[in-house]
Amino acid sequence: MRTRIYGLLLLAAALAAIGGTAGGETKSGLHRGAVGLESASALAFAPDGTLFVGDSRGAAIYAIDVGDDALPLAEAPSIGDLDELLAALLGTTPRQLLVGDLAVHPRSRAAYLALSRGRGDDAVPVIVRIAAADDVRLVSLDDVPFARAALKKVPPAEAKDRRGRSLRTFTITDLKYHRGTLYVAGLSNEEFASTLRTLRYPFDGPGTATSLEIFHGAHGRYETHAPIRSLLPLEVGGEPQLLAGYTCTPLVTFPLRALADGAHVKGKTVAELGFGNTPLDMLRYEKDGRPYVLVINSSRAGMRIDVADLVKAGAIDAPVDRAQVTAGVPYVPLPLGGALRLAERDEDTLLVLARQKVDGSLALYPYPKRRL
């Protein structure tokens, strides 16, 4: 409760805060009120501008009308000291900021960041809107049109992993919206904990929860507990698939038709992208009429994967020598070291959130697709 009260006071104090559809109207399925975020771990936008926020601590997905529909088109920001700017906005220091995710509004092109002010139990979740280097504002969550979908069978708040981390924080590890459906990666409290949830929007039903199993080549075994770290709905060979990246680093496909409530699905491991690495984000883009997937990593260069290679990929179902580093689907390395999150801004440009190698500061900048 103390965290929530402090968060409300902080947001109310921001004179530049924005939020909500103009004129008091609300989009279908939303009602006005205060959004009770306990955390903000993942973001995604629907084509109509509805913002989805994954709240792992609160075990819920929020759909929020952020009120951008009639606002001017935002600039493509290039900010080299973003952590200093955000710390000043939130009245804290850069070390007390934790970035959750990046998304771009489909109409205004403004960038949205999910952040935590603080890193402990009293951390305050906030959403920040960036329309230009000199236009960075808190998004008001006090009185906005929103809807909430609760997630069931989530890890208990007191449960820990072998490193002492709260399993509840892995309830939602990534979130993507695709053709009316939200795909939510994370953990459940089931025996096979790695779970892919789906929710139709507007939130008019219970959704589904599918437990997942993969073969991890670098570990030489089948696994059911490691959550997907980044996901991407994608057509592969004419069939809708989910491309999933796991820590250490299997790349796996799951057919969307196999996802059903209570089902247990084995994925097809198509690549190992480097022992000790984590895939931080993935997106699909086109270049010269060909579809590609871009993967950014915690300890590897960026990777460009041709979707045509995913179509003809075989399955990795035997141990992979760690000294081999990578296996399976080929990729082209790209100079995106330090990148933390990606978002498509328009047909020509991406936005990249990155840690700069020189001083470790946080930067947000546009990146032309032609250079990929």
Checklist line | Sole exception among (1) within 27 Å of F170 (Cβ to Cβ); (2) surrounded by 20 or more Cβ atoms within 10 Å (Cβ to Cβ); (3) modelled with pLDDT of 95 or more for D65, by number | finding: (1)
Margin query: Take the conditions assigned to a strand (DSSP E or B), in contact with an Asp or Glu (Cβ under 6 Å, 6 or more places away or on another chain) and hydrophobic (A, V, I, L, M, F, W, C) and apply them to A114. Does it pass?
Written below: yes
Checklist line | Count - residues of the range 151-167 that are under 18 Å from the mean Cα position of the chain (by Cα) and closer than 15 Å to I61 by Cβ | finding: 1
Next item on the list: Please work out which one of (1) among the hydrophobic types (A, V, I, L, M, F, W, C); (2) within 24 Å of L86 (Cβ to Cβ); (3) surrounded by fewer than 21 Cβ atoms within 10 Å (Cβ to Cβ) is the condition V136 fails and give its number.
Entry: (3)
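One line per residue, one yes/no per condition, for (1) within 27 Å of M282 (Cβ to Cβ); (2) at pLDDT below 95; (3) assigned to a strand (DSSP E or B):
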residue	(1), (2), (3)
R95	no, yes, no
S108	yes, no, no
V126	yes, no, yes
R129	yes, no, yes
R137	no, no, yes
P145	no, no, yes
Check: Assuming G120 fulfils every condition listed in (1) closer than 15 Å to F45 by Cβ; (2) out of contact with any Lys or Arg (no Cβ under 8 Å at 6 or more places or on another chain) apart from one, which condition is it?
Finding: (1)
Notebook entry, point to check: Quick check, is P333 surrounded by 12 or more Cβ atoms within 10 Å (Cβ to Cβ), closer than 28 Å to A42 by Cα and in contact with a strand residue (DSSP E or B) (Cβ under 7 Å, 6 or more places away or on another chain)?
Noted result: no
Margin query: Here is a list: L342, L280, L310, L294. Which entry is touching a residue at least 60 places away in the same chain (Cβ under 8 Å) and touching an Asp or Glu at 6+ places or on another chain (Cβ under 6 Å)?
Written below: L342
Next item on the list: Run down G328, G289 and say which single residue is touching an Asp or Glu at 6+ places or on another chain (Cβ under 9 Å), at positive phi and not assigned by TED's automatic domain parsing to the domain that holds L113.
Entry: G328
Notebook entry, point to check: Does any residue of the range 343-363 turn out to be among the hydroxyl-bearing types (S, T, Y), within 18 Å of S230 (Cβ to Cβ) and not in a helix (DSSP H, G or I)?
Noted result: no
Check: Is it the case that the range 275-284 has a residue that's assigned to a loop (DSSP other than H, G, I, E, B) and over 21 Å from the mean Cα position of the chain (by Cα)?
Finding: yes
Check: If only one of L234, L336 is of a type in the set (A, V, I, L, M) and not in a loop (DSSP other than H, G, I, E, B), which one is it?
Finding: L234
Check: Does the range 36-56 hold any residues that are within 15 Å of V124 (Cα to Cα) and either aromatic (F, W, Y) or surrounded by fewer than 22 Cβ atoms within 10 Å (Cβ to Cβ) (or both), and which are they?
Finding: G36, E38
Checklist line | Test: G314 is of a type outside the set (D, E, K, R), within 23 Å of the chain's Cα centre (by Cα), over 24 Å from A74 (Cβ atoms) and not in a strand (DSSP E or B) | finding: no
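The values are calculated or read from the model by the stated rules, or taken from the named source; none is laboratory data. This is a predicted model, so every value here is computed, not measured. Virtual Cβ from ideal backbone geometry, glycine too; neighbours counted across all protein chains shown.
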